[in-house]
Amino acid sequence: MKPDPIYVARPRLPELSDMMPLLEEIWGSRILTNRGPVLQRFETALSKYLGVEHLSVVSNATQGTVLAMRQAGITSGEVITTPFSFVATAHAIRLSGATPVFADIDPETLNLDPAQVEAKITPQTRAILPVHTFGIPCDVDGLAEVAARHGIALIHDAAHAFGVRRDGQSILRHGDMSVLSFHATKVFNTFEGGAVIVQDRDTKLAIDRLANFGFADAVSVDDIGTNAKMNEFNAAVGLAQLCGFDDVLAARHVVAGRYSARLEGVAGLRCVCPTGVAGHNSYAFPILIGPDYHIDRDALFARLEDANVFARRYFYPLISDLAPYSDLPSAAPDLLPVASKAAEQVLCLPLYHDLDEAAQNRVIDVILAGS
Ligand SMILES: *Cc1c(COP(=O)(O)O)cnc(C)c1O
């Protein structure tokens, strides 16, 4: 008989006792959506928790990124992005009417390389859309410099970056806008959800209007908005999730630390995320399986599966290798050597706040066997 399955992620749920008063409030008021009172309290509490001044909670990060693009005035032209991400990053560019242009990544951080971005700038470039992949901050200063030099927007896909800080400040303060995801598998979840972090109140109000069909007031619509509203139920989950959330992050660090302690120094294997670095969120535990490891990445993936351990090959295939994008000139694999190699070598190990040590040892034992 096989041991219990271990999946790559396991969502954290708030205490039902923290949910019930909020549900009673919603059931009592019958205000279900359209920036209700629970959502407004969630926004305020979330801004405070994250250490940012202005944000709009939305239905998910994909819609949030489309809104950010629209707010930045991007309806055509090119947007430079990373191929080493979840497909939604490129979809958001396409859905807003622009064309993604892929640039290669840095081999250390696996994030967009500012020099590679600069080499892709053309008169058609409207924005840069980098990702803080696995919660590792991208080179926010280098990218801001490129964006400023060329007068283009900088919108961060911060889907992995909930709670990430650098020099004591939220990483979400960088760039023109940042977009968080609260999908079930992310560090912080509202089942589905997201937020757009912006620099001033007027922009926040503009995002709110775009998320509600572009309504400026009851009788005027000032732009082609969409429906990206978060409802009161999801907002209640968010509000309740914030209770005790520091403990969730601390527990994730413990799990990541146990992987590092046993896997750092294994021949041919590199742990991508720095551990013990203040401000990281231990969103994931990616490893790179190089030629000096005794088997290749896919063979290790299969061995883990045999042991009922479901690691994930994030991010493989590259977005640039997926059907909607593979014909783009910038998608040619030989133009993206670092990302292509990372996609062949990467494996994300199970990591969640309550992954117990015995289960984690099953994962580690498979990796150490034979090496
Ligand atoms: C999850 C994810 C998204 C999409 O988030 P949703 O809230 O599910 O729309 C976008 N970008 C990255 C990098 C992601 O991991």
- line: Here the range 250-264 yields Karplus 3J(HN,Hα) values (6.51, -1.76, 1.60; θ = phi - 60°; whole Hz; Gly and Pro given as x) of 4, 5, 4, 5, 4, 5, 4, x, 5, 4, 4, 4, 9, 10, 4
- request: Would you mind calculating the gained length between residue 145 and residue 76 on full extension (0.36 nm times residue separation, minus the Cα-Cα distance), in nm to one decimal?
  value: 22.6 nm
task: Sort 179, 338, 146 so the one with the fewest other Cβ atoms within 10 Å of its own Cβ comes first.
output: 338, 146, 179
- prompt: In µm²/s, what is D for the range 93-210 at 37 °C and 0.692 mPa s, where D = kT/(6 pi eta Rh) by Stokes-Einstein and Rh is the Kirkwood radius from Cα pairs?
  reply: 219 µm²/s
- prompt: When Lys and Arg each count +1 and Asp and Glu each count -1, what net charge do the other residues less than 15 Å away from residue 151, Cβ to Cβ, add up to?
  reply: -2
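If you average the sequence gap of Cα pairs under 8 Å that are 6 or more apart and divide by the length of the chain, what percent do you get for the contact order?
That works out to 22 percent.
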- line: When 75, 65, 89 are ranked with the fewest other C-beta atoms within 10 Å first, the list becomes 75, 89, 65
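What does the extension gain come out to for residue 223 and residue 358, with contour length at 0.36 nm per residue minus their alpha carbon separation?
43.2 nm
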- request: Using a Gaussian network model of the chain whose springs link C-alpha atoms within less than 10 Å, name the residue from 317, 14, 291 with the highest mean-square fluctuation.
  value: 291
- prompt: Given H placed 1.01 Å from N in the peptide plane, which residues other than close sequence neighbours of residue 153 have an amide H under 5 Å from its amide H?
  reply: 127, 128
message: I want to check the label-to-label distance for residue 202 and residue 41. Put each point 7 Å from Cα in the C-beta direction and report it in nm to one decimal.
response: 3.3 nm
- prompt: Where in the chain lies the longest segment free of GluC sites (Glu not before Pro) that are both loop residues by DSSP (not H, G, I, E, B) and have at most 12 other Cβ atoms within 10 Å?
  reply: 109-263
task: Determine the gain in length on full extension of the stretch residue 368-residue 25; use 0.36 nm per residue of separation and subtract their C-alpha separation, reporting nm with one decimal.
output: 118.3 nm
task: Within the range 337-371, find all residues whose amide N lies under 14 Å from a label point positioned 7 Å from the Cα of residue 299 along Cα-to-beta-carbon.
output: 367-371
- request: Give me the distance between the Cα centres of the range 121-156 and the range 83-111, rounded to whole Å.
  value: 11 Å
- line: Any residue on another chain or 5+ positions along whose placed amide H is under 5 Å from the amide H of residue 166 is listed here as 171
message: Rg/Rh for the chain to two decimals, with Rh computed the Kirkwood way over all alpha-carbon pairs.
response: 0.98
- prompt: Between residue 53 and residue 292, what is the spin-label point distance in nm, taking each point 7 Å from the Cα along the Cα→C-beta axis?
  reply: 4.9 nm
field: Relative contact order [Cα under 8 Å, 6+ residues apart], the range 1-160, whole percent
entry: 17 percent
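Counting helices only, and only those DSSP H runs with n ≥ 4, report the 222 nm mean residue ellipticity of the chain as the sum of -39,500 (n - 2.57) divided by its residues, in deg cm²/dmol to the nearest 500. Could the numbers behind the result be given before it?
Values: 12 runs with 135 residues, N = 371.
Calculated mean residue ellipticity at 222 nm is -11000 deg cm²/dmol.
A short reminder: the numbers here are calculations on the coordinates, not readings from a lab. All values derive from a computational prediction rather than experimental measurement. Here Cβ is always computed from backbone atoms with ideal geometry, including for glycine, and neighbour counts include all displayed protein chains.
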